[in-house]
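The values are calculated or read from the model by the stated rules, or taken from the named source; none is laboratory data. Small disclaimer: the values here were computed from a predicted structure and weren't measured. Every residue, glycine among them, receives a Cβ derived from its backbone with ideal geometry; neighbour counts consider all protein chains shown. These accessible areas exclude ligands, DNA and RNA; they are computed on the full protein's heavy atoms, side chains included. Shrake-Rupley method; radii C 1.70, N 1.55, O 1.52, S 1.80 Å.
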Amino acid sequence: MNKALPVNSLIPNSNSADHLVESLNDALNTADSPVEGSRRSDIPKNLLERANDLTLVRYTVVDWLWIGSFWLGMAYTPPIFYPLWVLLIAGRIHAFGVTLHDAIHKSFKVKNWKLRFVEIFAGYSMASTLNAMRYHHIRHHRDSGMPNDPYFDPAIKDNPGIFFLVWLRHILLMPAWIIRGYYGSLAYFIPAMRNSYARIFMQEKSGEDLTKQKELINCAKAEFGQASIHTILLAFAWVYPYQILLYYFIPGVVAGLLGGYRVLIEHNYTATMDRSISTIINTTRDHHLGHWGRLFLAPRNIGYHIVHHIHPQVALENLPALRQWYIDNHSAIYPSAKHKAVNVN
């Protein structure tokens, strides 16, 4: 019989994002694994290393270098190649989101210069902040498949039509997040806007009054930087509308569609009643582990999603080897054991 994780230990103080990751990690650290008699402590420690700030900076710089080369290709090749360049740039903007995602799983109370760099050059590029992504994504991990899971929509399960419509609305993701920067900035000064800021833009589902929630106020404060950068960008768009539209906005919209599709296929939308590791394994999916998948739909190893949910603080570069460890040691319970891991470093 699989043992459930201690539910109470997973429920942190709702007013502090700083403890969401730690509480989840502590629960997984003390819980029994899906196989009787095997514990998390049996896993080699090098496979459980957390994200390194300099590695996240490196990912961000490398993706910007790729985008720069794609922009050159867009500028100096015939227009017929434009869709290809858009898709390649969108894949790297999507990768920015995954890099920011790895950063928010770290335990930190103050953003050092490396995290600030990632937030500005990866986060702002896809219209997000560390605070905003942390707000909705950690709640997804804490309450995966439950009513308060920001990403959970039971209507999607076994309904391709609903799936398509929900995916299609991600065409508005980047424009909505740009607007969120301004709305959130106003919400910092106008408390009456904070509940709508959380529910419309952060997918908050608790139904509580969030007017004085410190975590949300910090999210609103963090929007100042994002709003400032996009104000400058919009000013450039007034002078160079063609370039901003073709080189940034259209690829950004496509990146929203890529990211939205990935988020939708990572879980099977079965309602859950506990936070056991067996439930995580039964409701989470690995996907797009090959080279093409890594390029567009699952950059930076985010497709190794089952082990990511079991070990959310493990660095993305360690997930292929960690998945292989589960396949080698617990193939009876790992649903994708027939697929070999792909080393992506």
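Remarks
- Global geometry of segment 243-341, whether rounded, prolate or oblate, following the gyration tensor of its Cα atoms and the 1.5 cut on a/c: prolate
- Sum of side-chain charges, Pro154 neighbourhood, beta-carbon under 15 Å (Lys, Arg +1; Asp, Glu -1): -2
- Kyte-Doolittle mean at least 0.5, axial Cα span of 20 Å or more - DSSP H helices of the chain: 53-76, 82-104, 173-189, 214-239, 250-265
- Per residue, the chain reaches -16500 deg cm²/dmol at 222 nm when only DSSP H runs of four or more residues are counted, each adding -39500 (n - 2.57).
- Pair Ala332, Tyr82: separation of 7 Å Cα→Cβ label points (nm): 5.8
- Order by protection proxy (mean Cβ within 10 Å, highest first), peptides 116-128, 170-182: 116-128, 170-182
- Normalised per residue, the accessible area of the chain is 47 Å², obtained with a 1.4 Å probe and no contribution from ligands, DNA or RNA.
- Per-peptide average of other Cβ atoms within 10 Å, ordering 240-246, 326-332, 135-141 highest first: 135-141, 326-332, 240-246
- With every protein chain in place, segment 65-218: carbon and sulfur % of accessible area (1.4 Å): 71
- Local electrostatic count, Asn268, Cβ distance below 14 Å [Lys/Arg +1, Asp/Glu -1]: -3
- Dipole of segment 143-256, positive direction: furthest Cα of Tyr240, Ile179, Ile217, with charges on the beta-carbon: Tyr240
- With a simple spin-label model that places each label point 7 Å from the Cα along the Cα-to-Cβ direction, the separation between Arg285 and Glu208 comes to 3.2 nm.
- Residue pairs, from the table Lys106/Lys214; Lys111/Lys221; Lys109/Lys214, whose Cα atoms sit over 21 Å apart: none
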